[in-house]
1. Within the set Lys334/Lys392; Lys4/Lys41; Lys4/Lys49; Lys113/Lys137, which residue pairs have Cα atoms separated by over 30 Å?
2. Out of every Cα pair in the stretch 158-200, what percent are spaced more than 13 Å from each other?
3. Kindly express, to the nearest 10 degrees and within the range 0 to 90, the angle between helix 414-427's C-alpha long axis and the longest C-alpha principal axis of the chain.
4. Counting DSSP beta bridges with both partners in the stretch 36-188, what percentage is antiparallel, nearest 5?
5. Would you mind checking which residues have amide H under 5 Å from Ser121's amide H? H placed 1.01 Å from N; only 5 or more apart, or other chain.
6. Can you tell me the relative contact order of the stretch 2-252? Whole percent, Cα pairs under 8 Å, sequence separation 6 or more.
7. Where Rh is the Kirkwood radius over the Cα pairs of the stretch 79-128, the temperature 4 °C and the viscosity 1.567 mPa s, what D in µm²/s does Stokes-Einstein return?
8. Using Cα atoms only, what is the angle between the long axis of helix 379-391 and the major principal axis of the chain, expressed in degrees (0 to 90) to the nearest 10?
Amino acid sequence: MHMKLSTFITGINVMAEVDVPGHAASWGVGYPDLWPSPSCKEPLDVSKKFTFDVLSGILTDMRKIFPFELFHLGGDEVDTECWSNTTQVKKWLRSHNMTGDDAYQYFVLMAQKIALAKNWSPVNWLGPGVCPKAVAKGFRCIFSNQGVWYLDHLDTPWDAVYTAEPLEGIQKASEQKLVLGGEVCMWGETADTSDVQQTIWPRAAAAAERLWSQRDYTSGNANITALPRLQYFRCLLNRRGVPAAPVTNLIARTAPRKNSEGFRVFNDLKDGGYFPDRVLYTTVIKGLSEMGLIGEARKLWFEMIKKGLQPNEYTFNVLMHRYSKTGDLVEARKIFEDMHDRGYAETAVSYSTLISGLRTDEVLSLFKEMYHKGIVCDLVTYNSLINGLCKKGELVKATKLLNELLAQGLEPSVFSFNPLIKGLCEVGDT
């Protein structure tokens, strides 16, 4: 309701998307009959009337929320092998004299029919170069260039986003009018709350100016005409608390070239039929985490588990460390608890990893938890505690911890002494 009111006030139309028949495996959690089988969960079962009844019900509910004329039905990335290998669907295909591709087309058309009945104009994904063909036949088109307008492609510079041409290959003015606009895409599986804003901004703004401005305003040398505006807008976002990434410094937004190449090789190995082991998965997860691509790292984490490879303590600590460093302590704690639930012992290393991103009061609370569980602190834990206590001005407690560290037989480091020295100097106790 809040979104509906906000968009009404600001004059924004929201085109919602329900992607069918693929990308809908989650539907079967509530309605298992929507799956072709428990072991083959997408695309949705094309052979059952129930599937289309559920889709119709969902669109009926969504129509009350989204009054805009256009509604996106997805329809992309559908692998029909599941239908061909499931007994009851295969039987249905034979009885209707359909191939998997025929059934795919049937499903898309049925979904469009349902949307049309609810006074929506359906929108579907199609491949590259489709706009010129669509408008030539009188259809409307929304341009979305996968090469440069997918924002999770982190190595795409702002000027490539800015100079992408939605009307490429469309010469007739009557056909150009059928291109409604464009869409830059940010996919949830490649980001999380720690990096989604800086992945979207400021490059989305570059596309926005390109789409909302007259051609003569966006022509010419973009580095002279548009770059100053984009840099100012990025600073404005930062001042308003939006963590927009640097405009021109790709290294600050994306991975170092060496690690990017390693990730590409990893994917090439998988595409070639190589089955990575736990060590390789963990290595790549660590690399992605260090590159700041925590969304991609978590995606590999789930892929690894799905393939029957259980993460070890090191894998847990890699993800936990990154979440702690980015301040996402909720996710860090979830990883910590998941590690415990899977039977791994809570150790000083895992606690120290979790501690690395905590506030002082949280560190002290976790220290008490370790004490009650009989877990002996390591040097990193002690140093974190000493630093936190010194920041709070509790130098006596910090000194006691230093003595405890020594009594445990641990060798103190400069990080053990520096906070105490600084704190004592500030209070004039030399």
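The numbers here are math on the coordinates, done by the rules we state, and not lab data. Owing to the predicted nature of the structure, the values given are computational and were not obtained by experimental measurement.
1. Lys4/Lys41; Lys4/Lys49
2. When all Cα pairs of the stretch 158-200 are counted, 66 percent exceed 13 Å.
3. Relative to the chain, helix 414-427 is tipped by roughly 70 degrees.
4. 10
5. Amide H neighbours of Ser121: Leu70, Phe71.
6. Dividing the mean separation by the residue count of the stretch 2-252 yields 15 percent.
7. Numbers: Rh = 12.2 Å.
The diffusion coefficient I find is 106 µm²/s.
8. Once rounded, the angle reads 80 degrees.
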